[in-house]
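Below is one structure; the comments refer to it alone.
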Amino acid sequence: MDSLSALNVFVQAAETRSFTSAGRQLSLSPSAVTKAVSRLEERLGVRLFHRNTRGLSLTQEGALFLESCHRIFAEMESVHAELANSKKAPMGKLKVSLPMVGTLMMPTISKFMSAYPDIELDLDFTDHLVNVVDDGYDVVVRTGEGTDSQLIARRLGFFRLRVVGSPSYLERAGTPLVPQDLTTHACLHHRYPTSGRLSRWPLQTAADAPKLTLPITATANTIEPLITLAECGNGLACIPDVAIRQQIADGKLIVVLDKFTKHAGTFRAVWPSNRLVAPKIRVFVDFLAENLFPKSSTLAELFPDLPED
């Protein structure tokens, strides 16, 4: 605090070009201002003012130091404003980027909107990479690991891929018992919209087994059509479990080849690494973390059959 007081004395003296005027504004004597500036010059090891009978003028070092002081006090004002804002109720526009599978998060997001009616959501669904800062997003939800040092990341939960089919399809086509059985089944594939490549089904096969090539019955660049096709009995699909938990629970979709499907991923929320998190960002990320995935403390508890990496 003594250092900040000394900086404030210097700024007042530099802006008024007078120790007397600076002292008047700060309720200090001119001699107290003079001593404070002299101690500051000794501490910095440079001369900040030219002193003569006509008054004060800044040295080159003093002019540079004044600019730095202005930045310091501007930062302090910004921190104070953010602290005051953090105590306010969450409100305002929240721009969020979600993956295409994020449309299946809408029940959770709908509950969030009911809980926080003063927050206006601007949702953008895309699998393209986005620049969180340059594109003006408040929050981006994606799978995988975050590596950008400009961003803060929070894990929302785990998911895995599961091969599913409807009871009617499995009754008609039979239940595959090993991955090689899929060569005689109708397979519904997800196609990446950015590259056009098909998503790989993470099936483990024996080391001496021939390379597995899955039939292609239909492709789609979003998950929802594949879920609908699978529910209607058109074939098997490999879907993130977060998108089909209710269908599995209701018996509309049956999981097959689970012990051969080895895959786990992570959903994360990322946002710009400002000093303080805006209330609207904090409550949105907290709400997703609390409501989007089943509660579990470790990946092993969620997926006990997955081998450790």
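For the reader, a short list of remarks on this structure follows.
- Residue list for the stretch 1-17, restricted to those being surrounded by fewer than 16 Cβ atoms within 10 Å (Cβ to Cβ) and of a type in the set (Ser, Thr, Tyr): SER3, SER5
- Considering the stretch 195-231, and only residues there that are free of Cβ contacts under 8 Å to residues at least 12 places away in the same chain and hydrophobic (A, V, I, L, M, F, W, C), the residue that is surrounded by the fewest Cβ atoms within 10 Å (Cβ to Cβ) turns out to be ALA207.
- Per the conditions (1) surrounded by fewer than 17 Cβ atoms within 10 Å (Cβ to Cβ); (2) free of Cβ contacts under 8 Å to residues at least 12 places away in the same chain; (3) assigned to a helix (DSSP H, G or I), the sole criterion not satisfied by HIS70 is (2).
- Residue tally, condition assigned to a helix (DSSP H, G or I) and either surrounded by 14 or more Cβ atoms within 10 Å (Cβ to Cβ) or not assigned by TED's automatic domain parsing to the domain that holds CYS238 (or both), over the stretch 182-194: 1
- Test set (1) modelled with pLDDT of 90 or more; (2) in contact with a Lys or Arg (Cβ under 7 Å, 6 or more places away or on another chain); (3) closer than 28 Å to ASN291 by Cα - ARG142 fails condition number: (1)
- Of the strands (runs of 3 or more DSSP E) entirely within the stretch 233-291, those holding at least 1 residues that are out of contact with any Lys or Arg (no Cβ under 6 Å at 6 or more places or on another chain), more than 30 Å from PRO215 (Cβ to Cβ) and aromatic (Phe, Trp, Tyr) occupy 265-272.
- Residue check, ASP134 more than 21 Å from SER195 (Cβ to Cβ), among the charged types (D, E, K, R) and outside the structural domain of SER199 (by TED's automatic domain parsing): yes
- Top-ranked residue of the stretch 26-35 - restricted to ones that are out of contact with any Leu (no Cβ under 8 Å at 6 or more places or on another chain) and in a helix (DSSP H, G or I), ranked as surrounded by the fewest Cβ atoms within 10 Å (Cβ to Cβ): SER31
- Selection within the stretch 54-67: residues that are surrounded by 14 or more Cβ atoms within 10 Å (Cβ to Cβ) and under 44 Å from the mean Cα position of the chain (by Cα). The member of this set that is farthest from PHE10 (Cα to Cα) is GLU61.
- Checking PHE125 against (1) over 18 Å from GLY102 (Cα atoms); (2) free of Cβ contacts under 8 Å to residues at least 40 places away in the same chain; (3) in the same structural domain as VAL96 (by TED's automatic domain parsing), the condition it does not meet: (1)
- Evaluation of LEU151 against (1) surrounded by 13 or more Cβ atoms within 10 Å (Cβ to Cβ); (2) over 35 Å from the mean Cα position of the chain (by Cα); (3) in contact (Cβ under 8 Å) with a residue 60 or more places away in the chain (one fails), failing number: (2)
- Residues of the stretch 195-208 satisfying the condition of being aliphatic (A, V, I, L, M) and either part of a strand (DSSP E or B) or at positive phi (or both): LEU198, LEU203
- Yes/no for LEU98 being in the same structural domain as LEU214 (by TED's automatic domain parsing), surrounded by 12 or more Cβ atoms within 10 Å (Cβ to Cβ) and not hydroxyl-bearing (Ser, Thr, Tyr): no
- Candidates ARG47, ARG51, filtered to the one that is outside any helix (DSSP H, G or I), surrounded by 12 or more Cβ atoms within 10 Å (Cβ to Cβ) and at pLDDT 90 or above: ARG47
The values are calculated or read from the model by the stated rules, or taken from the named source; none is laboratory data. What you see is a predicted model, and the numbers here were worked out from it, not measured in a lab. Here the Cβ is made from the backbone with ideal geometry for all residues, glycine too, and neighbour counts use every protein chain on show.
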